[in-house]
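Enquirer: Structure below; questions to follow.
Each reported figure results from applying straightforward, stated rules to the coordinates on display, with no laboratory input. This structure is a prediction, so every number in the text was calculated from the model and none was measured. FYI the Cβ positions are ideal-geometry reconstructions off the backbone, even for glycines, and counts take in every protein chain you see.
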């Protein structure tokens, strides 16, 4: 399973925001020797408040050849804040038989105490338990001008473009490079100076801002 918010590979609960799309991926197989038609397959989701309008599911139709295996990705859109649980999937077999499957995930095998070693105990897996939070900003980052290789002592100017594709404004934005002593951030005019100064980029709602970054390759 993974995340659009995609449900992640760790065992922690996912925290999507309202109006975000959640995608669950799993493998299905057809053990029969005949073609199987699957229609209206969708996620079976429950909300802590019992509100059916808290989410919307997106149905998916497909067919499976004899002995075929495939990855299916089902999506749902969280509409209201609150707790949500992905219980399983529902579908109709050959446009006739309603069917369902319940997800039963196991966490990592516990092996700390003597009781856990001789028994069969697993860590709780909360990947399918979601806490939907109110809408928030969502930044898309695009970098251009980055060379595949840098020479020692070489100074390269990159263009970093931040776009707020979320529905809420970004009130402050800062840059946290892994090697801060190798990066200088500022406007293109500032980076043309002999000693570039730092600048903080503030991104408004729905807007896109570009600014330059000087990357200095050194020890």
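Enquirer: Sort out which residues of the stretch 143-159 are under 28 Å from the mean Cα position of the chain (by Cα) and surrounded by 14 or more Cβ atoms within 10 Å (Cβ to Cβ), and write them in order of number.
Expert: Those that are under 28 Å from the mean Cα position of the chain (by Cα) and surrounded by 14 or more Cβ atoms within 10 Å (Cβ to Cβ): 158, 159.
Enquirer: What pairs can you find where one residue is in the stretch 44-55 and under 12 Å from residue 85 (Cβ atoms), the other is in a helix (DSSP H, G or I), and their Cβ atoms are less than 8 Å apart, with a gap of 6+ or different chains?
Expert: Every condition considered, the pairs that remain are 47/54.
Enquirer: Restricting attention to the stretch 147-166, which residues are in contact with a strand residue (DSSP E or B) (Cβ under 9 Å, 6 or more places away or on another chain), part of a loop (DSSP other than H, G, I, E, B) and in contact (Cβ under 8 Å) with a residue 24 or more places away in the chain? Working first, answer last.
Expert: The first filter runs over the stretch 147-166 and keeps only residues in contact with a strand residue (DSSP E or B) (Cβ under 9 Å, 6 or more places away or on another chain), leaving 147, 150, 153-166.
From the residues that got through so far, the ones that are part of a loop (DSSP other than H, G, I, E, B) too are 147, 150, 153-154, 165-166.
Correct list: 150, 153, 154, 165, 166.
Enquirer: Which of the residues spanning the stretch 111-127 are closer than 18 Å to residue 86 by Cα and either over 29 Å from the mean Cα position of the chain (by Cα) or surrounded by 13 or more Cβ atoms within 10 Å (Cβ to Cβ) (or both)?
Expert: Once the filter is applied, which keeps residues that are closer than 18 Å to residue 86 by Cα and either over 29 Å from the mean Cα position of the chain (by Cα) or surrounded by 13 or more Cβ atoms within 10 Å (Cβ to Cβ) (or both), the stretch 111-127 yields 125, 126, 127.
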